[in-house]
């Protein structure tokens with residue numbers, strides 16, 4: 001933190017992002033913290049080494065895998081973004097999913113996972129967790145508190161959530177689900193990558209918040225990183241010890257890039273939110289489109305929950321085409337787009353389009369009228385993106 005003042009929460013979010021993790025505004029030297037690379041950390045004495053080795057949960061400099069000042073600066077920034085108290089940086093968004101699952105689950109346990117969950121997380125549950133003797137039940141993501149309570153078992157240890165789902169965009173009532181889980185002593189984990197800062201997880205009962213920093217925090221499609229954030233000491237201890245046991249580590253260089261991305265996060269999010277809604281509204285009025293799956297769009301599924309719990313929205317959403325549209329026609333339209341890349345990630349400066357019908361695994365069919373695609377709106381002018389989509393939609397006719 002700065003040596004002359006800490007950017008307390010009396011300041012606006014944009015202000016805090018610009019100052020957190022920096023040396024200080026009145027410190028002689030460069031504005032940004034340096035990239036600290038290293039494995040060995042030298043100690044002044046054997047006694048100092050003995051003391052630091054006992055404090056594995058702190059930011060003490062002990063060994064490279066336990067973090068450097070570059071890691072700690074990014075961890076402080078993520079806590080500012082999500083309103084947590086402690087954060088563990090890991091090597092990827094998937095690692096941010098798997099580490100807390102392993103922290104809270106053991107052989108013989110049961111975990112509940114939304115059917116809309118991120119695909120690699122589903123694969124982890126079906127493979128690694130199954131081999132460890134941990135059973136997964138996939139539930140309808142729009143389930144209410146009574147419905148989820150009916151699925152709890154005596155050995156249910158974790159309720160996993162993702163709101164909205166990153167392909168079909170179902171919103172989950174996180175406060176109600178958290179209350180139901182905590183009544184049974186069950187931990188609630190949330191993939192908050194879509195919510196980023198717009199959903200403050202710990203104000204709504206979440207125990208552990210997961211983010212793929214690869215997406216909006218990095219912002220430039222050039223790093224792979226994840227974060228696991230907590231607000232209670234007991235949760236931090238479980239997560240931190242599991243990450244250390246697994247040897248989870250992220251490159252200092254990638255942490256520095258993500259910290260740089262975090263400085264401009266607020267202004268990028270604002271532009272991309274507005275551009276995303278502009279494109280979403282235009283698509284919702286098109287005759288080729290049956291439904292736009294954007295939680296911040298009035299009338300879209302889950303809009304009431306979004307309006308109640310969120311302060312904004314990111315620029316990732318889904319588009320469902322009219323019945324009778326072929327999947328081949330949707331793919332031909334995507335192929336024709338000039339400004340939208342075809343790629344699986346999101347949150348960067350570039351717009352992306354991805355067909356989702358036939359490419360995602362579900363236990364319960366979402367019941368859409370026709371085939372669907374997912375759009376990520378980048379930093380381009382939305383008028384140009386709309387013109388590009390208009391040319392593409394002509395192929396559907």
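Brief remarks on what is shown
- Annotation: for a label point projected 7 angstrom from Cα along Cα→Cβ of residue 63, residues of region 233-257 with backbone N closer than 13 Å are 244-249.
- Each Cα pair under 8 Å and six or more residues apart adds its sequence gap; the mean of these over the residue count of region 256-365 is a relative contact order of 19 percent.
- For the chain, the longest principal axis of the Cα atoms and the long axis of helix 174-183 meet at an angle of about 50 degrees.
- Based on DSSP H segments of at least four residues, each scored -39500 (n - 2.57), the chain has a per-residue ellipticity at 222 nm of -10500 deg cm²/dmol.
- Per-residue Cβ neighbour rank within 10 angstrom, fewest leading, 50, 260, 122: 50, 260, 122
- Which label in (i) 49; (ii) 42; (iii) 38 gives the computed percent of Cα pairs over 30 Å apart: (ii)
- 0 to 90° range, to nearest 10: angle between helix 93-104 axis and the chain longest Cα axis: 60 degrees
- Nearest-0.05 FRET efficiency for residue 233 and residue 27, computed from C-beta distance (R0 25 Å): 0.25
- Cβ-based exposure ranking for 376, 182, in which fewest neighbours within 10 Å come first: 182, 376
- Cβ crowding within 10 Å averaged over residues, with 197-210, 87-100 ranked highest first: 87-100, 197-210
- For the chain, the longest principal axis of the alpha carbon atoms and the long axis of helix 382-393 meet at an angle near 50°.
- Label point at residue 182 placed 7 Å out along Cα→Cβ; residues across region 240-284 whose backbone nitrogen lies under 14 Å: none
- Per-pair calculated FRET efficiency, R0 = 30 Å: residue 107 and residue 303 via Cβ, rounded to 0.05: 0.15
- Fewest-first ranking of 289, 41, 217, using other Cβ atoms within 10 Å as the exposure measure: 41, 289, 217
- Beta-bridge orientation, the chain: approximately 60 percent antiparallel, per DSSP, counting only bridges with both partners inside.
Read-outs throughout are calculated quantities, based only on the coordinates presented, and are distinct from any laboratory measurement. Note that this is a predicted model, so its numbers are computed, not measured. As a convention, Cβ positions derive from the backbone with ideal geometry for all residues, glycine included, and neighbour counts pool all protein chains shown.
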